[in-house]
Amino acid sequence: MGSYSDLNTPERILLGPGPSMVPPQVLRAMAHPVMGHLDPQFLTVMNEVQDLLRYVFQTKNPLTLPISGTGSAAMEACIANFIEPGDRILIGVNGYFGERLCDMASRYGAVVQRLDKPWGEAFDPQEIEDALRKQPAKILALVHAETSTGALTPVDGMAEIAHKHGALLLVDCVTSLGGIPLKIDEWDIDIAYSCSQKCLSCPPGLGPLTVGARAREALHKRKTKVPNFYLDLSMIERYWGEEHAYHHTAPISMNFALREALRLVQDEGLENRYKRHQQNANSLWKGLEDIGLKMFVPLQHRLPTLTVVTIPEGVDEADVRKRLLNEYNIEIASGFGMLKGKVWRIGLMGYSSRQENIDLLVSALARILAK
Ligand SMILES: Cc1ncc(COP(=O)(O)O)c(C=O)c1O
């Protein structure tokens, strides 16, 4: 066995698709002494986390809580609880995370109907309506912000279509919650899930989700037991509710961190936060265009929280990322799936979304590309 010194890792400028940078207040909250998960003081923290999550989701849904696990755990909770074998689910697939939803749904026995679109494009209400008319489904699932492509599918108005055809609307808002407008109650979204480490600027480890009345009723009417013990929402809601019935041990320090991260969102105000993300994205796009780079997604569907940039001809994309990291301490990400080697992905989320970071990145890229 080796002998090791104290952990000594650098503080990076995180401009990838997540995790984003974590504000010092959140790191300090994480360092608070650990307490028991049924300690009355921790129960208060749980209630506050739920209250603050309702604020960022813009909902009054009682069933709003963070799943212990990352965004994928929250995604899987939504599939495991609302799909029974043989149920039909219509999934909009315009990037990697739509694919992942198909994979998860099929593992739980769903009949998966894919609605495919080229990567980088967004869905419009008419094509969703046409697909549901052709073949109704129990659930319509859409990825609000597709992190693999940088495209935004507007979900305002999609619930009306889903409900008209007897479907529940499930929305992946992993790269949108807290960074771009998302109004669960006003838009009548039935089920939504997200993560802690992107626009909320908390470390990875919790997956906030919210479930509306229609979906909750469907959950309570299931004929079969939820096949995943850890993600069974009927048990998790009793753990997070008045009863605090033991189901698992909530990650204490992560919940301290999330409470602080959400408090900071509330402190800034959602509208101000959306505006900051949009303004900084505009500034990044202009900076990148000024040095000759092209954005992959047309302006009308472009995500402010994650920008996908086309790699210029003849540039070694991995070498550029390596130099950004080693010489400038900046992380950006490569493309994956069918965009591997073709794009970079640049995140401006939460605490990372700052003009000083944009200036650093654009000038570093300009220097590296000039060589
Ligand atoms: C749109 C989307 N959905 C789901 C996930 C999965 O989240 P996690 O990596 O936190 O498990 C991600 C992660 O980047 C994502 O971008």
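Bear in mind that the values in this text are calculations on the coordinates, not laboratory data. Treat the numbers as computed from the prediction; the structure is a model and nothing was measured. Here the Cβ positions follow ideal geometry from the backbone for every residue, glycine too, while neighbour counts run over all protein chains shown.
What share of the DSSP beta bridges in the chain is antiparallel, in percent to the nearest 5? Around 50 percent antiparallel, to the nearest 5. Working note: Karplus 6.51/-1.76/1.60 with θ = phi - 60° gives region 277-292 the couplings 4, 5, 5, 5, 5, 4, 5, 4, 4, 5, x, 5, 5, 4, 9, x Hz, where Gly and Pro are set to x.
Per the Debye formula on identical point scatterers at the alpha carbon atoms of the chain, with no solvent, log10 I(q)/I(0) at q = 0.11, 0.13 Å⁻¹ is -0.76, -1.05. The GNM of the chain, with springs linking C-alpha atoms under 10 angstrom apart, assigns the highest mean-square fluctuation among Ala250, Ala77, Ala318 to Ala318.
What you get for the chain, charging only the Cβ of Lys and Arg (+1) and of Asp and Glu (-1), is a dipole of about 380 debye around the Cα centre. Across region 72-213, the fraction of Cα-Cα pairs farther apart than 24 Å, rounded to a whole number, is 21%. Based on DSSP H segments of at least four residues, each scored -39500 (n - 2.57), the chain has a per-residue ellipticity at 222 nm of -12500 deg cm²/dmol.
Count Lys and Arg as plus one, Asp and Glu as minus one, and take only other residues whose Cβ is under 11 Å from that of His247; the net charge is then -2.
Any idea which of His247, Leu200, Val34 is furthest toward the positive side of the dipole for the chain, if Lys and Arg beta-carbons carry +1 and Asp and Glu beta-carbons -1? Going by the Cα projections, it comes out as His247. Here r is the Cβ-Cβ distance between Lys183 and Asp39 and R0 is 51 Å; the resulting FRET efficiency, rounded to 0.05, is 0.90. Over all other residues within a Cβ to Cβ distance under 12 Å of Ser353, the charged ones net out to +3, with Lys and Arg as +1 and Asp and Glu as -1. Under the combined filter of DSSP loop state and at most 16 neighbouring Cβ atoms within 10 Å, region 1-72 retains these chymotrypsin sites (Phe, Trp or Tyr not before Pro): Tyr4.
Phi angles across region 343-350 convert, under the Karplus curve 6.51 cos²θ - 1.76 cosθ + 1.60 with θ = phi - 60°, into 3J(HN,Hα) values of 9, 10, 10, 10, x, 10, 10, x Hz, Gly and Pro given as x. Spin-label model, Glu121 to Gln300: label points 7 Å out along the Cα-to-beta-carbon direction sit 1.3 nm apart.
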